[in-house]
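The values are calculated or read from the model by the stated rules, or taken from the named source; none is laboratory data. The structure presented is a predicted model; accordingly, all values stated were derived computationally and were not measured. Cβ placement follows ideal geometry from the backbone for every residue including glycine, while neighbour counts extend to all protein chains displayed.
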């Protein structure tokens, strides 16, 4: 079993001091750690319940943000933008901006596998952290973090995948998809190569440390191919 860095350092990074520090710790407890602690401390619970709540809070705040910021866009475009902003890879990227993985409480097996940098675990911890902030400090505190680590980092106008999807949808016939062509490196430090495909024809190539990053780069190359000003 392994605990991460002192959570007080994380409070400094977030810019918020918890009135109930136990909430912050709970947000960082992976199920593997909770399972291994059952015999010693059955009161330790994983962050899964907080993750459930954080997911709903995140979707609401992102939805309100997009609704206010893009008054001329319809449901379809808003849904695409929201999907991009709340997806696993975006949340994992946000977690890395806080070094969130360094503070996680992991079971021995997960620690040995390098899971502190695993997208799924980081994304879940981000949602749990959002819920902990909401419960401890209110919706304004949670929204402040979301705006800082997600909305400011993932400006919808710079979402190349969304822009490429909109371009393809103008004709209503062509189909856009992404294909991983190469995947190298250990689980915690992979490099992905992706092709953007329109009707099974490659139109863009991208490389990244996550599938999302590689897909964004592939979409960006495709947009350039079509003469879109970036």
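For the reader, a short list of remarks on this structure follows.
- Any hit, region 72-84, residues being surrounded by 14 or more Cβ atoms within 10 Å (Cβ to Cβ), more than 13 Å from the chain's Cα centre (by Cα) and outside any helix (DSSP H, G or I): yes
- Residue that is modelled with the lowest pLDDT [pool: residues in region 103-120 that are assigned to a helix (DSSP H, G or I) and under 18 Å from residue 190 (Cα atoms)]: 115
- Residues within region 74-102 that are over 19 Å from residue 57 (Cα atoms), in contact with a helix residue (DSSP H, G or I) (Cβ under 6 Å, 6 or more places away or on another chain) and modelled with pLDDT under 90, tallied: 1
- Region 199-209, residues that are surrounded by 19 or more Cβ atoms within 10 Å (Cβ to Cβ) and more than 15 Å from residue 163 (Cβ to Cβ): none
- One residue stands out in region 182-198 among those that are touching a residue at least 24 places away in the same chain (Cβ under 8 Å) and not in a loop (DSSP other than H, G, I, E, B): the one that is surrounded by the fewest Cβ atoms within 10 Å (Cβ to Cβ), namely 198.
- Considering region 16-41, and only residues there that are within 22 Å of the chain's Cα centre (by Cα) and assigned to a loop (DSSP other than H, G, I, E, B), the residue that is surrounded by the fewest Cβ atoms within 10 Å (Cβ to Cβ) turns out to be 16.
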